[in-house]
1. Quickly run through the range 302-329 and pick out the residues that are closer than 20 Å to His78 by Cα and surrounded by fewer than 14 Cβ atoms within 10 Å (Cβ to Cβ).
2. Inside the range 95-122, can you point out the residues that are open to solvent by 30 Å² or more (accessible area, probe 1.4 Å) and part of a loop (DSSP other than H, G, I, E, B)?
3. Quick check on Asp173: is it under 13 Å from the mean Cα position of the chain (by Cα) and among the charged types (D, E, K, R)?
4. Test of understanding: among Ala190, Ala199, Ala150, Ala185, which residue is under 20 Å from Ile23 (Cα atoms) and in contact with a Phe, Trp or Tyr (Cβ under 7 Å, 6 or more places away or on another chain)?
5. Which residues, counting only those in the range 179-194, are in contact with a Lys or Arg (Cβ under 8 Å, 6 or more places away or on another chain) and part of a loop (DSSP other than H, G, I, E, B)?
6. Here is a list of conditions, (1) over 27 Å from Leu39 (Cβ atoms); (2) open to solvent by 60 Å² or more (accessible area, probe 1.4 Å); (3) modelled with pLDDT of 90 or more, and Asp133 meets all of them except one; can you say which number that is?
7. Only one residue in Lys84, Lys92, Lys72 is within 21 Å of the chain's Cα centre (by Cα), open to solvent by 30 Å² or more (accessible area, probe 1.4 Å) and either of a type in the set (D, E, K, R) or over 26 Å from Lys202 (Cβ atoms) (or both), so which one is that?
8. Return the only residue of Ile268, Ile274, Ile289 being touching a Phe, Trp or Tyr at 6+ places or on another chain (Cβ under 6 Å) and either closer than 24 Å to Leu176 by Cβ or at pLDDT below 80 (or both).
Amino acid sequence: MQLAAWPKLSSKPMLNNRPKIGIALSGASGRAIAHIAVLEVLREHRIPIDIIVGCSSGAIIAASFAVGTMDKLKIFIHELTFPKLLRLWSTKNAKGGLFHLHNDHMNKELNVITRGLNFEDIQSVKLAFSATDLNTGELVTLSKGNINKAFKASVAIPGLLEPMVSEGRVLVDGGLVNIVPTLPAKQLGADIVIGINLAATKFIYEKRMPIWRGYRFLTRLMGLQFIREKVIPKLSPRLLFRIDTQSDVLEAKDIKIPGVMSVLSKAIDHSFEISEQWDESHVACDLMIEPNVKHFGKVELRSLEKIYEEGRRAGEAAIPEIKKLIAEFESSVLSQQAEVTA
């Protein structure tokens with residue numbers, strides 16, 4: 001795989017009518033190297049990026065872009081092996097998931113990419129990650145505090161990786177409710193939102209997936225479905241509040257992460273409720289780039305070069321449309337300015 005150098009951007013001052021461009025990177029596990037490829041193409045064509053939001057594995061790509069360590073991340077991914085990957089995960093003292101990402105190996109590798117910075121330290125671009133509030137199912141945008149901690153929240157696949165507690169919330173993977181974080185990019189001020197979608201599904205858990213059938217079987221076998229559908233709705237709102245959430249009655253350090261089955265149960269319920277209400281028209285996106293990589297497995301280490309090249313191909317194909325969107329925005333702004341001065 002060719003590790004192309006990043007071209008320098010022009011030092012010419014920005015025009016006042018230039019749109020703010022936001023990039024939303026989906027979760028995609030090992031396919032995330034295609035994100036790097038698309039971002040390289042955008043830089044090569046001098047497409048400015050003002051806001052970048054990452055979900056799950058897309059979060060570390062967004063961070064490396066914002067911090068300026070993309071080349072280091074490319075090399076790390078290219079040299080990744082299964083033994084190296086397994087060393088990043090630990091089962092010791094994991095809560096609410098089979099593994100957690102708090103071991104020395106993970107922290108060391110993250111610091112190489114993020115330099116241990118906070119979001120507030122990034123000046124060149126607005127950086128943010130998406131996560132999901134496990135108790136409410138709300139999409140949460142993380143743009144303050146330590147980047148490493150926020151990444152561990154954004155990538156916390158329910159049931160697999162330990163949730164993170166932040167600002168009174170128990171947070172898990174943003175892909176639980178929206179795998180491409182286009183809405184956060186729009187809310188952060190982007191005039192043009194470009195999504196890059198590498199995920200095979202819209203959500204982490206979907207009804208057509210085997211985990212749904214297994215979950216339904218277990219809940220029926222254990223009587224959990226009866227409790228959830230018949231007993232819980234009859235509880236008083238006050239009692240239900242005390243059972244379901246602790247965020248407003250405890251300090252953040254005292255909030256307890258639920259057990260693995262509780263995390264998984266809540267996550268699947270939220271995902272399916274949202275999927276039933278999903279409407280493509282609600283996606284705050286002007287252009288969705290979808291490299292043809294969804295048929296690759298989540299950890300296709302032998303196919304990284306193919307995934308990378310497909311990302312570059314999709315990026316190049318999107319350039320004319322991106323330039324058209326920018327030109328249309330600038331033309332619209334000029335027309336509005338002319339009307340005001342007329």
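The values are calculated or read from the model by the stated rules, or taken from the named source; none is laboratory data. Quick caveat, the model's predicted, so the values are computed rather than measured. A quick note on method: Cβ atoms are made from the backbone with ideal geometry, for glycine too, and the neighbour counts reach across all protein chains shown. Surface areas here come from the heavy atoms of the whole protein model, side chains and all, with no ligands, DNA or RNA. Shrake-Rupley method; radii C 1.70, N 1.55, O 1.52, S 1.80 Å.
1. Arg302, Glu305
2. Lys95, His102, Arg115, Gly116, Leu117
3. Values: under 13 Å from the mean Cα position of the chain (by Cα): yes; among the charged types (D, E, K, R): yes.
Criteria met by Asp173.
4. Exactly one of Ala190, Ala199, Ala150, Ala185 is under 20 Å from Ile23 (Cα atoms) and in contact with a Phe, Trp or Tyr (Cβ under 7 Å, 6 or more places away or on another chain), namely Ala150.
5. Listed by number, the residues that qualify are Ile179, Leu188, Gly189, Ala190, Asp191.
6. (2)
7. Lys72
8. When all the criteria are applied, what remains is Ile268.
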